[in-house]
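Q: Dropping the structure in here first, questions after.
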Amino acid sequence: MEGEERRKTRKLHRSKMLEKIADVAKSIEEAIHVDQVVSALHSVAVLVFPVDSSLVLGSIDQLCGEQERSSAEERSEQWEALYRGGVTFAALARVLLYDDATKWLPSFPASARKHVYDVFFVSGLPSEVIQSLVPCLRRSGNGGADVDAVSSNAERLLVCWLLENNGVLNMAREFDAMFYADGFTHQQLKPLVSRASQLVTSIPDKVQSKAPKALSSHLYFKKVTAQLLSGAEEFEMKMNEKASTSSIINSGGGLLFVGEVFSRICRRGSADILVSELVSHILADPYAVERMSEQLLHHLAKEHTPDEEAYWILWLLFHQSLERNPSVKSIFVDKFLMWKVFQLNCLRWILQVSVFMCPPNDGGQTNGVRSSSVLDTLQHLVEIWSKPEFVQSSPIEQQAYVTAAVGLCMEKVTKEELDSRESLLHSFLPGVSCRLASPNDLIRKMASNVALVFSKIIDPSNLLYLDESCKDEPIDWDFGSTLRKDYVSVKDSNHSVSVGKRNKQAGLESSETKLMEIDEYSDPATLKDGLVSEESDDEKTSNNWDASSESAMLPYDLADDDTDLKNNFSQLVDVVKALRKPDDPDGVERALDVAEKIIRACPDELRHVAGDLARTLVQARCSDLTIEGEEETAEEKRQGALIALLVTVPFESLEAVNNLLYSPNLDASQRILILDVMSNAAQELSIAQVVKPKPQKPRELVSVTSETQPWFLPRSVGPHGAGPWREIPDSESPLNWSYKYERELPLKSSHLKKGKTRRWSQKSKHLPDNCADITQNKFPVYAAAFMLPAMRGFDKKRHGVDLLGKDFIILGKLIHTLGICIKCAAMHPEASALAPALLDMLSSREVCHHAEAHVRKSVLFACSCILIALHPSHVASALAEGNLELSRGLDWIRSYAIQAVESDIDKECYAIAMACLQLHSEMALQTSRALETVETSSRTNILGLPPSNLTKESIIIPFSNIKY
């Protein structure tokens, strides 16, 4: 109803305004003196504008003083009626521009012309004013005196309104207001903006030859550009404010108009004027130069601009400023090379324009100025690149970017130029060394690439290849795709175990625990994976008859038959002796071939020689004793034997390897081998397969609703015979927002496997019907033996061992191993007992705030493993019993993860910390539910136990004000 009243009021005002304009037109037509004309226009002006009548001089003072005046609110309504009333202003403009101008305007006093004539154009609605003035322009004066007078007056008004009173800027503001205030869409605004911009840019082409100089193309477009540039800054700030309160916001109508006008200026052949004004306007502000050039580089890269074309675009815009303005030079040489990260092609353009000072593929010799610029920039880059703090604290993307800048600059340097800068060599070598010691493959590749370029300069005939991938030509300075691959591979190697390895470990454990009898006279080394074949002799003969009959009579070479005559090792004592003879590589190889098989067979001597065998396997130099190319196979065999030792006789083997872990006689690779073996053995023990008879379940009178499985696993409901849930390793990230689990389901009757022998049947006939193959976690019994000796004295600096210093890779590996171990003890009381000790180690400042991201990632991973390992009911019980140490540790995990999310620059640390917070929130929620049960039961405690200290500590649940 209120809207209807408003529309009626507006319609009434428009009618009155039209009547007033008709009266003014009639008064002007009947006027015999100029004062009458001024008085008539004044009567309209005071209704619409705040006119100061005292400024209108002459004999009309008395007439003007008697005319009706309006309040501010009334003037606003009258202004709307005049300029937004359809044909209202068009009617008045015809009176002003045609009927009155030719006869009376030259006689107007200056003050009257300004306040009662020009005001209708200067203070009017820009989109209406431009449509009234531009059609009055004529190219020549052959239309008569009246036409020339109208055109001259229109030109004068355009100068006064558009150029002197920021008419173009006001027009842009009008379109911006239409977008934000009036709710116009881009589709609705586009035809209006296009029409207005066409009129604005066509003015220099339509004016007369004797028009004011301000309307010439050069001066006119220069002033228009200046107005629109200042308006663009205003509109961008307004757009940012709007974007802060809205998730999605388009550019406003003002920027749409600015872009349209700039586009038409370029099309009319005045791009040079636009660029000169644009650059001169922006170069006055270094921040604006930085932002514009940064966005320009990104835009050129996005459009896949060729190197040659991109270079000349940047040269046209910035070459003079780079030569004369040190602040602009600093932006390109300092900020863009060291503190920003662009694509590789952008980096090449920056170097070409600001450092090499020549176009791409320039075959000319570098002059002295170029050579000095390259050497100065290279030295500055290398000084930063070589600092260990830069490697430790800078994001991997920035390290790759600066490395590429160093390499591209080095490719332009000659040996003589390099010899002239001795300090460059001293800075270069430490940078390569500290990167080669990094656990990150990508960082090591950076060192390899730079070292290769350096060797090309020093001795092109003897190139230094530190990485096989560096042999490709040209050198790959684009670490983008390599970065993504490396990002995944690091996480795969450090924080996950492949499905194949798990299956292999499950099979090995199954072979150890299956119920079988071994002939005491059989050779353990001939057993395949410790399994006795289920096939009979007749079946073996029948299966192998065809193959043997075909080859029985074929001739064969007897030259190598002496190898079959060599004795195969059947005793572990012989294996130890062979491994201790480095002068007999064949014996070492044969010992490694059978070591794991004999250990898996569990001979009686195993328990007595386990420690000696473990030490011998760790200290053996397999790579020095094997044939070139087979080192990796020998290492796998050694690692498999050590894993078998720790699985079959954990206590005896762990005592030996833990004593060796901090021994000064081992190198870093041997210590990492020990930690890898401990991790793999712990995981194998935790997923052991055993065969046990099915217990005869008594008939239950009451149904059991509680489950014994971990809280984070899915429920075990399902078909009869379904296997246990197991986590599916994910190669994309070490810890995810959600986890995937799988289990084996029994086959349907229609999917039964068929085979000609019983070994393909679903169940071995040797096993009784009341036996079941189940998973049993055997690791918790040995968890303390795995973890406590390894944690003891980690912070001590020994001869050859400094985990908190130079051996940070081993420290990270140790923490990762401890995290794996406590995760393998998940849901057992041993995890709750060992967690405080591990948390005490992790929370030490030297560890959790280590400068190397490798260590911080391992700390966050171990924290996540602790959250997975602790059962919420165990945490609730600890709190109820007054065990505040565990509560403080969990609170520290939360605080540390939040700090990592907010301030850690490493992306992997951020990802693991986010997953850690998710686990912590879930743990807090589950613990709070368990605490409610504990509190309820404590109120009904009839045993007289002392009250709990539950109120002394609290667990915070995220996104809630509740504390427990």
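The values are calculated or read from the model by the stated rules, or taken from the named source; none is laboratory data. Given the structure is predicted, the values throughout are model-derived calculations rather than measurements. Every residue, glycine among them, receives a Cβ derived from its backbone with ideal geometry; neighbour counts consider all protein chains shown. Accessible surface is based on the protein model in full, side chains and every heavy atom, while ligands, DNA and RNA are left aside. Shrake-Rupley method; radii C 1.70, N 1.55, O 1.52, S 1.80 Å.
Q: Can you give me the % of accessible surface on region 565-687 that is carbon or sulfur? Probe 1.4 Å, all protein chains present, nothing else counted.
A: Carbon and sulfur atoms account for 46 percent of the accessible area of region 565-687.
Q: While we're here: Using the structure shown, list the pairs from Lys340/Lys797; Lys387/Lys857; Lys26/Lys213; Lys335/Lys907; Lys222/Lys302 with a Cα-Cα distance above 28 Å, or answer none.
A: Those over the limit are Lys340/Lys797; Lys26/Lys213; Lys222/Lys302.
Q: Okay, moving on. Post the alpha-carbon centroid distance, region 190-233 to region 832-868, in whole angstrom.
A: Their Cα centres are 66 Å away from one another.
Q: While we're on this one: Set Lys and Arg Cβ to +1 and Asp and Glu Cβ to -1, take the dipole of region 366-479 about its Cα centre, and tell me which of Leu466, Ser373, Gln398 lies farthest positive.
A: Ranked along the dipole, the leading option is Ser373.
Q: For His319 paired with Lys797, estimate the spin-label separation in nm (one decimal), with each label point 7 Å from Cα along the Cα-to-Cβ line.
A: So the two model labels end up 5.7 nm from each other.
Q: Give the accessible surface of region 366-479 per residue, rounded to a whole number of Å², with probe radius 1.4 Å and ligands, DNA and RNA excluded.
A: 44
Q: I would also like to ask the following. At 0.36 nm per residue, minus the direct Cα-Cα distance, what do Ser327 and Val901 gain on full extension? Give it in nm, one decimal, please.
A: Separation in residues times 0.36 nm, less the Cα-Cα distance, equals 203.1 nm.
Q: Calculated FRET efficiency, Ser15 and Gln36, Cβ-Cβ r, R0 30 Å, to nearest 0.05?
A: Step by step, r from the Cβ atoms, then E = 0.75.
Q: Suppose R0 equals 56 Å; then what is the FRET efficiency for Asp419 and Ala284 from their Cβ-Cβ distance, rounded to the nearest 0.05?
A: In this case the efficiency is close to 0.85.
Q: Return the FRET efficiency for the residue pair Lys103, Glu234: r is the Cβ-Cβ distance, R0 is 51 Å, and the value is rounded to the nearest 0.05.
A: 0.75
Q: Here is a follow-up. Could you work out how far apart the two model spin labels at Arg267 and Asp23 are, taking each label as a point 7 Å from the Cα in the direction of the beta carbon, and quote it in nm?
A: Between Arg267 and Asp23, the label points sit 4.6 nm apart.
Q: While we're here: Taking the simple approach of a point 7 Å from Cα along Cα-to-Cβ for both Val781 and Ser209, what is their distance in nm?
A: Output for this residue pair reads 11.1 nm.
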